Amino acid sequence: MLSREVKERLREYETPFYLYDMELLRRTVECALREADRYGYRLHYAMKANNDRRIMEFIASCGMGADCVSGNEVRRAIETGFAPKDIVYAGVGKKDSEIIYALRQGIFAFNCESKNELVVIDALARELGVVADVALRINPDIDPHTHSYITTGLSENKFGISPREITDVVGMLGDLRNIDIMGLHFHIGSQITDLGVFAELCRKVNASYRWFTEEGFRITDVNVGGGLGVDYDVPEMHPVPDFAAYFAVFAQGLDLPASVGVHFELGRSLVAQCGELISTVLFTKVSGLGDDIALIDASMTELLRPALYHSRHAIENLTGTGPERAYTIGGTVCESSDIFARDLSLPELRRGDLLSIKTAGAYGAAMASRYNLHDLPQAVFSDEL
Ligand SMILES: Cc1ncc(COP(=O)(O)O)c(C=O)c1O
């Protein structure tokens, strides 16, 4: 809840902008690290969720590693203080130039997703005279009970090596002298709120580990990805996700030798709740059906999630106090999908009211675009207000 003084100060910034609560970020990151530490788990920040330099510098300073999905992400992770030896590089498609860059940095591991990719990394590593550490990303065919656009571990998804190809892949690994298969990698989707899904993941991880060990591989590290969901409906009830319950599921479900390093790649659960998108009401009108519409100066260019996934974000009128009315909240972009909410009750909206769109710290600013030649949204930090 923002104080009246803070709300007044927000008026000094041009909307729309992202406001980050650095104290909540600190509490969240510290809680995740503390709970992971109970079991000796290693955390990597999935920076695709939010690549803001200040946020990354803070997370790096807390001692996390980074999970990157492009050469530019690897570069930014290093620039913002993550040690190359703590960086994992995933991504279903990696360009040669990106692989070469990451090989030169000496990152912890490449998470590899196809035969082609393994052959290419091996050849590029040979040219550079190095051996690449590689974790094979396995597609375990698990339904994470989340939005279909953010499932990544089902057979129909493009991610990971499918069980039908595994024997083939393993068969050719003997010829690849410049890669060392030291790990297994899994990531089954995002915004997962049913912890039973992670228990199922553990069973698949155990089976894969056993299979690879029996095949003669020396697997030293297992990476179970990210995916822990957050509360978009009533964010103030759960500002910090339940990391204790999450890691406990793995502690109970994983059956791996103590010497095997267990890694996580958390994105959303670390940064979603600390960010909100602040926007100004531009106009109100009534639709042909008689519905109240409020047009705000944020749109899908600043926060794509509602248009992309039909996702819902809680919205607060920061400045209005009148009687409640039900609104459709729309952005400025010339797309009918550019809608943040329908039938949302808010204190009556007037031109100039400030709105806060909550739980926007993950996959918000990172997905912003310049469609309609909008400016990219600025970041404002709570400790600078
Ligand atoms: C390979 C991989 N790891 C980690 C993540 C982070 O997931 P989340 O933000 O749900 O924790 C993603 C997100 O898509 C991913 O693709």
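The values are calculated or read from the model by the stated rules, or taken from the named source; none is laboratory data. These figures come from a predicted structure and were not determined experimentally. Reconstructed Cβ throughout: ideal geometry from the backbone, glycine too, with neighbour counts over all protein chains shown.
Scanning the range 174-194 for residues that are away from the ligand (no atom under 14 Å from the Cβ) and part of a loop (DSSP other than H, G, I, E, B) turns up Gly174, Asp175, Leu176, Arg177, Asn178. Against the conditions (1) out of contact with any helix residue (DSSP H, G or I) (no Cβ under 8 Å at 6 or more places or on another chain); (2) in the same structural domain as Phe186 (by TED's automatic domain parsing); (3) away from the ligand (no atom under 15 Å from the Cβ); (4) in a loop (DSSP other than H, G, I, E, B), Ala245 satisfies every one except (4). The set of residues from the range 104-139 being among the acidic types (Asp, Glu) and assigned to a strand (DSSP E or B) comprises just one member, Asp133. Looking only at residues in the range 267-308 that are modelled with pLDDT under 95 and out of contact with any Ser or Thr (no Cβ under 9 Å at 6 or more places or on another chain), the one that is nearest to the ligand (Cβ to nearest atom) is Leu289. Of all residue pairs spaced 6 or more apart or on separate chains, those with beta-carbon atoms under 7 Å, a first member in the range 265-294 that is over 23 Å from Thr328 (Cα atoms) and touching a residue at least 12 places away in the same chain (Cβ under 8 Å) and a second member that is surrounded by fewer than 24 Cβ atoms within 10 Å (Cβ to Cβ) and among the charged types (D, E, K, R) are Gly267/Lys48; Cys274/Asp21. All conditions but one from (1) of a type in the set (A, V, I, L, M, F, W, C); (2) out of contact with any Asp or Glu (no Cβ under 7 Å at 6 or more places or on another chain); (3) buried (at least 24 other Cβ atoms within 10 Å of the Cβ); (4) under 30 Å from Leu2 (Cβ atoms) apply to Val240; the one that does not is (3).
If you filter the range 196-230 down to residues that are assigned to a loop (DSSP other than H, G, I, E, B) and buried (at least 19 other Cβ atoms within 10 Å of the Cβ), you find that the one that is nearest to the ligand (Cβ to nearest atom) is Gly226. Quick one: is Ala251 aliphatic (A, V, I, L, M), within 16 Å of the ligand (Cβ to nearest atom) and surrounded by fewer than 17 Cβ atoms within 10 Å (Cβ to Cβ)? Judged against the criteria, Ala251 is not a match. Checked against the criterion of being surrounded by 15 or more Cβ atoms within 10 Å (Cβ to Cβ) and within 19 Å of Gly229 (Cα to Cα), the candidates Lys94, Lys48 yield just one match: Lys48. For the range 313-343, filtering for residues that are surrounded by fewer than 16 Cβ atoms within 10 Å (Cβ to Cβ) and in a loop (DSSP other than H, G, I, E, B) leaves 7.
Among residues of the range 1-46 being more than 30 Å from Tyr89 (Cα to Cα) and β-branched (Val, Ile, Thr), the one that is modelled with the lowest pLDDT is Val6. Scan Leu282, Leu289, Leu346, Leu266 and give me the residue that is buried (at least 23 other Cβ atoms within 10 Å of the Cβ) and either under 23 Å from the mean Cα position of the chain (by Cα) or of a type outside the set (Val, Ile, Thr) (or both). Criteria check complete, one pass: Leu266.
Yes/no per residue for (1) within 12 Å of the ligand (Cβ to nearest atom); (2) under 16 Å from the mean Cα position of the chain (by Cα); (3) among the aliphatic types (A, V, I, L, M):
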| position | (1), (2), (3) |
| --- | --- |
| Ala49 | yes, yes, yes |
| Glu73 | yes, yes, no |
| Thr80 | no, no, no |
| Ile87 | no, yes, yes |
| Ala90 | yes, yes, yes |
| Ala102 | no, no, yes |
| Gln105 | no, no, no |
| Leu118 | no, no, yes |
| Asp133 | no, no, no |
